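I have placed the structure first, in the form of structure tokens, so that the comments after it can refer back to it.
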Amino acid sequence: METTLAAELAEDAAERLLRYVRIDTRSDEESDTYPSTEGQLELLRLLRDELEEVGLADVTMDEHGYVTGTLPATVEHDVPTIALFAHVDTAREVSGAGVSPQRVRYEGGEIVLGDSGQVIRPGESPELENHVGHELITTDGTTLLGADDKAGILVHVAAIQSWLNTAGSLPVNVKILIEGEEEAGSGSLGDFLRKHRQMLQADAIVLTDTGNFETGLPSITTALRGIVVVNVEVKALKQPVHSGMWGGPVPDAAMALSRILARLVNDDGSIAIPGLYDKVKPLSDSERKSIKALPSDETLFRKQAGMLEGVELLGGRHPWEMNWRQPSIAVNAIQASSRKDARNIIVDSAWARIGIRTVPDMDPKDVEKRLIDALQKNPPWGVKVDVHKEGAGSWWYTSSDAPAFKAAFKALRDGYGAEPVTIGCGGSIPFVDPFSKELGGVPALLIGVEDPYTNAHSENESLHLGDFAKATKSAIRLYAELVRVGERA
Ligand SMILES: [Zn+2]
């Protein structure tokens, strides 16, 4: 009965998703408003109205488009309160205009994405073979889909609807918050949470914006990396000069920058900044065991990352341990003249953007300072080195000991018919930290509907409808399980 219902609701949600994704909610970098576009407000207004229709009370939308609603349980005794969260905005990198979603029952072979000329080929996407016989929603190859995070919103709404349709009321108190600026860094979220802390106070938070480790494998994310970014510029001359006329006595800024960058790593690829690893929290035995138990190995990791043959994996640990729980450094961009302007000159300056991904328990400000010191220390040949800070966001980590996790594991096990796993994420989700901080460190359950082949933020984005139904079923189960474990802060 419950399964049929979840399937029906997921079907209804899938239809609604097709409508939501047609509203362009792409983030606009140039905009100085929150949220950044009118399209985001349009969808938020639609959601406000739909939440009211579903039966939520006190539905509001503020000037930044933050939509909230609550619905208390109608029982005499004390029950847990959960706060649900999701976002409407889509990534800025890829167009969200004119999204034309296609529902595909995958029968093998290539998936042709509309008339775009884009094709998902089994040879390039070996994971496709796992999807034979399954239904997907894809794009037409010209835009992203926006399942991140519109599918996440629908999981929440379907769970509430399911309880109201069958039981007539909720077993827990529910609060929901939907926003439109996640992809732009959730700039006003902190303020919003501070102002509405009372209203959003809950015993557990559920954020449906992460993914599963594998299709059909329910996963709870318990660690996110932070990021520290700086720009460095090396200057040696007032203007570029001819390498024949002046080369020899005059130092080359590009070479100086290369030497500075090369000093940042050891021969084995580890970061060579003194003290950088001092605060890195070691994995517990059970954490290391759970990474080892994941259906993954070096060969698969290399394939998924698209690494070329012969290129080495760094770190000497499980690649997912390296990605989730060890810091990493990357030169994101580098510029000294350009390929187009290349000629026989000594460049006057050279520039690079450098990012360090941080992990528990590193201090972002400390990492930033150490990185800047390392860049500025003993400049080769007396060149001028300027460093500008671009940003420092914190990592996030939670133990999974709280009873709310027990409830989530049970709900996911029932919903997916598979044993859930805990995973990390090498990237950052800026809203998670303010959430757990402002709401007093209550358990935060990061679960989601994406699988590794969802390819959020790309024209190849797709949603696996089977997993969408399973995620919906789990979300429905979660309320009952939270009551059972008696999760009260
Ligand atoms: Zn997202």
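When Tyr34, Tyr66, Tyr20 are checked against the criterion of being aromatic (Phe, Trp, Tyr), assigned by TED's automatic domain parsing to the domain that holds Met199 and within 22 Å of Asp203 (Cβ to Cβ), a single residue qualifies: Tyr66.
Which of the helices (runs of 4 or more DSSP H) contained wholly in the range 389-489 include at least 1 residues that are modelled with pLDDT of 90 or more and surrounded by fewer than 24 Cβ atoms within 10 Å (Cβ to Cβ)? So that I can check it myself, show each step before the final result.
Values: elements: 403-416, 432-438, 465-485.
Filter on the range 389-489 gives 403-416, 465-485.
Assuming Leu170 fulfils every condition listed in (1) surrounded by fewer than 18 Cβ atoms within 10 Å (Cβ to Cβ); (2) more than 23 Å from the chain's Cα centre (by Cα) apart from one, which condition is it? Going through (1) surrounded by fewer than 18 Cβ atoms within 10 Å (Cβ to Cβ); (2) more than 23 Å from the chain's Cα centre (by Cα) one by one, Leu170 breaks only (1).
Mind checking whether some residue in the range 350-363 is in contact with an Asp or Glu (Cβ under 7 Å, 6 or more places away or on another chain) and in a helix (DSSP H, G or I)? Before you say what the answer is, go through the steps one by one.
From the range 350-363, those in contact with an Asp or Glu (Cβ under 7 Å, 6 or more places away or on another chain) are 351; that's our starting set.
Next, only the ones that are in a helix (DSSP H, G or I) stay: none.
No: zero hits.
Listed conditions (1) within 14 Å of the ligand (Cβ to nearest atom); (2) farther than 30 Å from Ser394 by Cβ are all met by Ser169, apart from (1).
For the range 141-164, give me each residue that is under 23 Å from the mean Cα position of the chain (by Cα) and not hydrophobic (A, V, I, L, M, F, W, C). Spell out how you get there, then give the answer.
Step one: of the range 141-164, the residues under 23 Å from the mean Cα position of the chain (by Cα) are 141-159.
Residues satisfying the conditions are Gly141, Thr142, Thr143, Gly146, Asp148, Asp149, Lys150, Gly152, His156.
In the range 295-335, the residue that is surrounded by the fewest Cβ atoms within 10 Å (Cβ to Cβ) out of those that are of a type in the set (Lys, Arg) and over 18 Å from Trp395 (Cβ atoms) is Lys303. What do you reckon, is Thr215 within 15 Å of the ligand (Cβ to nearest atom), of a type in the set (Ser, Thr, Tyr) and closer than 30 Å to Glu129 by Cα? It is false that Thr215 is within 15 Å of the ligand (Cβ to nearest atom), of a type in the set (Ser, Thr, Tyr) and closer than 30 Å to Glu129 by Cα. Only one of the numbered conditions (1) out of contact with any strand residue (DSSP E or B) (no Cβ under 7 Å at 6 or more places or on another chain); (2) of a type in the set (Gly, Ala, Ser); (3) touching a residue at least 40 places away in the same chain (Cβ under 8 Å) is violated by Gly69, and that is (1).
Need at least 3 residues that are over 22 Å from Leu371 (Cβ atoms) per element, so show me which helices (runs of 4 or more DSSP H) inside the range 173-268 make the cut, counting only ones lying wholly within it. Step through it out loud before you land on a result.
On the way: elements: 189-195, 197-200, 243-246, 253-262.
Because the criterion is at least 3 residues that are over 22 Å from Leu371 (Cβ atoms), the helices (runs of 4 or more DSSP H) in the range 173-268 that meet it are 189-195, 197-200, 243-246.
Could you go through the range 43-55 and let me know if any residue there is modelled with pLDDT under 95 and within 16 Å of the ligand (Cβ to nearest atom). No, every residue in the range 43-55 fails to be modelled with pLDDT under 95 and within 16 Å of the ligand (Cβ to nearest atom). Of all residue pairs spaced 6 or more apart or on separate chains, those with beta-carbon atoms under 9 Å, a first member in the range 168-185 that is assigned by TED's automatic domain parsing to the domain that holds Arg92 and a second member that is of a type in the set (D, E, K, R) and more than 14 Å from the ligand (Cβ to nearest atom) are Val172/Asp203; Val172/Glu487; Asn173/Asp203; Ile178/Arg48; Ala184/Asp28; Ala184/Glu29. Residue count for the range 35-63 under the criterion of being in contact with a strand residue (DSSP E or B) (Cβ under 8 Å, 6 or more places away or on another chain) and among the aliphatic types (A, V, I, L, M): the result is 7. For the range 341-363, enumerate the residues that are over 28 Å from the mean Cα position of the chain (by Cα) and of a type in the set (D, E, K, R). Asp341, Arg343, Asp348 - these are the residues of the range 341-363 that are over 28 Å from the mean Cα position of the chain (by Cα) and of a type in the set (D, E, K, R).
The values are calculated or read from the model by the stated rules, or taken from the named source; none is laboratory data. What you are looking at is a predicted structure, and each value in this text was computed from that prediction instead of being measured. Quick reminder, even Gly has a Cβ in these numbers, built from the backbone with ideal geometry, and neighbours come from all protein chains shown.
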